[in-house]
Amino acid sequence: MPDPTHFDRHADLYDSARPPYPTALTDRLAALGLLRAGARALDLGAGSGQATRILVDAGMEVTAVEPGRALAARLQSTLPDVEVIRATAEEVSFPDGSFDLVTIATAVHWFDLHVVLPKLHRTLATDGRLAVWRTAYGDPSVPPGPFRERVQRIVDARDAPPRRQPDETDTASWARALETGGLFRTVHSDEFAWSIDLDADDVRDLFTTFSDWTAAEAREAARAVDELGGAVTEHYLTPLLVLEPVR
Ligand SMILES: C[S@@+](CC[C@H](N)C(=O)[O-])C[C@H]1O[C@@H](n2cnc3c(N)ncnc32)[C@H](O)[C@@H]1O
């Protein structure tokens with residue numbers, strides 16, 4: 001079963017192995033007026049701070065919530081001006097109207113939305129926004145090349161049923177989940193396709209950070225890269241949803 005503490009066990013690798021979010025995403029957040037210097041932002045499930053950094057670089061006043069001890073410590077040391085709270089999204093509460101922006105980056109699938117959404121509804125300012133994005137490590141619109149076929153074979157060889165959520169890139173279904181209960185309304189939906197060249201070590205390290213991959217499977221994927229010439233181009237997709245609280 002996917003385990004949310006997986007990331008904390010690979011905290012050092014996490015920051016170096018996971019590619020940063022595409023600049024097109026940051027540009028869109030800025031164009032939507034969500035990144036405002038001095039505004040108050042809350043990043044939930046912040047990990048090592050890959051999304052938090054976007055908010056800090058924009059000059060926002062940032063609070064980050066991360067349950068993993070090692071990840072929270074790493075985040076605090078690299079972004080010392082951020083208020084880091086070691087807790088789950090379900091555990092934390094803030095006074096009403098505390099934030100202008102709440103971000104959830106590649107983490108919303110770990111949350112109990114029945115608990116978290118009402119809290120976010122209260123904690124957002126009246127004109128605040130919730131921005132939810134997630135990188136899918138495999139763009140389904142790109143026909144699989146030899147490396148992706150090898151990756152699929154590794155996944156198919158598992159005893160357990162496939163562990164990846166089928167609707168990972170189904171933005172409409174994520175929007176419906178976030179609108180459950182009528183507390184939020186989607187005001188913007190987007191997706192960013194991007195690609196990256198990876199060598200065998202990059203693949204081993206990156207795949208080791210995936211919560212549904214074992215270390216042995218990650219090494220097998222790295223061997224596949226070597227056998228395919230030492231480098232592969234991977235195609236990824238980062239869907240973005242922006243929601244406003246319904247008042
Ligand atoms: C894939 S990582 C994403 C980290 C970071 N947001 C990023 O974009 O790189 C998922 C993060 O969610 C955190 N997480 C898992 N369950 C959580 C929960 N219930 N509340 C808050 N964070 C949680 C994990 O500890 C991990 O840091």
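The values are calculated or read from the model by the stated rules, or taken from the named source; none is laboratory data. Being a predicted model, the structure only gives us computed values, none of them experimental. Glycine gets a Cβ as well: all are built from the backbone with ideal geometry, and neighbour counts include every protein chain shown. Protein only, heavy atoms only, side chains kept; ligands, DNA and RNA dropped before computing areas. Shrake-Rupley method; radii C 1.70, N 1.55, O 1.52, S 1.80 Å.
Numbers below:
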quantity: Residue in region 41-48 that is open to solvent by 10 Å² or more (accessible area, probe 1.4 Å) and more than 10 Å from the ligand (Cβ to nearest atom) present; calculated: no
quantity: Filtered residues of region 201-222 (kept if farther than 18 Å from T233 by Cβ and touching a strand residue (DSSP E or B) at 6+ places or on another chain (Cβ under 8 Å)); calculated: none
quantity: Pick from region 188-205, criterion of a type in the set (A, V, I, L, M) and under 15 Å from R18 (Cβ atoms), ranking: most open to solvent (accessible area, probe 1.4 Å); calculated: I196
quantity: Pick from region 206-217, criterion of a type outside the set (F, W, Y) and buried (at least 20 other Cβ atoms within 10 Å of the Cβ), ranking: farthest from the chain's Cα centre (by Cα); calculated: T208
quantity: Residue within region 193-200 that is at pLDDT 95 or above, part of a helix (DSSP H, G or I) and of a type in the set (G, A, S) present; calculated: yes
quantity: Criterion violated by L34 - all others in (1) farther than 21 Å from L237 by Cβ; (2) more than 14 Å from the ligand (Cβ to nearest atom); (3) buried (at least 16 other Cβ atoms within 10 Å of the Cβ) satisfied; calculated: (1)
quantity: Selection status of L178, farther than 21 Å from P20 by Cα and buried (at least 17 other Cβ atoms within 10 Å of the Cβ); calculated: yes
quantity: Pairs, first under 17 Å from A221 (Cα atoms) and of a type in the set (F, W, Y) in region 149-163, second open to solvent by 80 Å² or more (accessible area, probe 1.4 Å) and at pLDDT below 95, C-beta under 8 Å, six or more apart; calculated: none
quantity: When residues of region 218-247 are limited to those that are under 21 Å from the mean Cα position of the chain (by Cα) and of a type in the set (D, E, K, R), the one surrounded by the fewest Cβ atoms within 10 Å (Cβ to Cβ); calculated: E244
quantity: Filter result (within 11 Å of the ligand (Cβ to nearest atom) and open to solvent by 30 Å² or more (accessible area, probe 1.4 Å)) within region 15-31; calculated: D15, P20, Y21
quantity: Long-range neighbours under 7 Å by Cβ, at least six apart or interchain, first residue on the phi > 0 side of the Ramachandran plot and of a type outside the set (F, W, Y) within region 31-45, second assigned to a loop (DSSP other than H, G, I, E, B) and open to solvent by less than 70 Å² (accessible area, probe 1.4 Å); calculated: G38/G59; G45/E66; G45/A89; G45/A107
quantity: Qualifying residue in region 118-130 (condition: away from the ligand (no atom under 13 Å from the Cβ), aliphatic (A, V, I, L, M), closer than 14 Å to A41 by Cα and under 17 Å from the mean Cα position of the chain (by Cα)); calculated: yes
